[in-house]
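A.B. asks: Before I ask anything, let me first share the structure, which is written out below as structure tokens.
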Amino acid sequence: MAWLLWSITIVITLMATIGFAALNVADTTAARGKIAADAAVLTTRIERLRRVFRAKTHRTKQPDRLADVPSFSVLLSRSD
């Protein structure tokens, strides 16, 4: 009778251990998947913003010096 009780206890313990490990693996996998999806979205946004920035800077004249930029020329001309 003691061996039967001992065997049932071991089986229940092993089932609980396997369930706990499976839950942790599933949670970790889901968290990594979410992080990977977020990284993909951010990478897409960054690339889109780079394309927009390149298109805008390509269309405008690039100033040769900081004094050619209107906001900086105002700051440089002040003699406070």
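A.B. asks: What number comes out for the charge environment of Ala40, summing +1 per Lys or Arg and -1 per Asp or Glu over other residues with Cβ under 15 Å away?
C.D. replies: Overall, the nearby charge balance is +2.
A.B. asks: I'd like the distance separating the alpha-carbon centroids of the range 1-17 and the range 33-59, in whole Å.
C.D. replies: Answer, in whole Å: 55.
Quick note: the coordinates plus some simple rules give every number you see, no bench work behind them. Since the structure is predicted, the reported quantities are computational estimates derived from the model, not experimental observations. We place every Cβ from the backbone using ideal geometry, glycine too, and count neighbours over all the protein chains shown.
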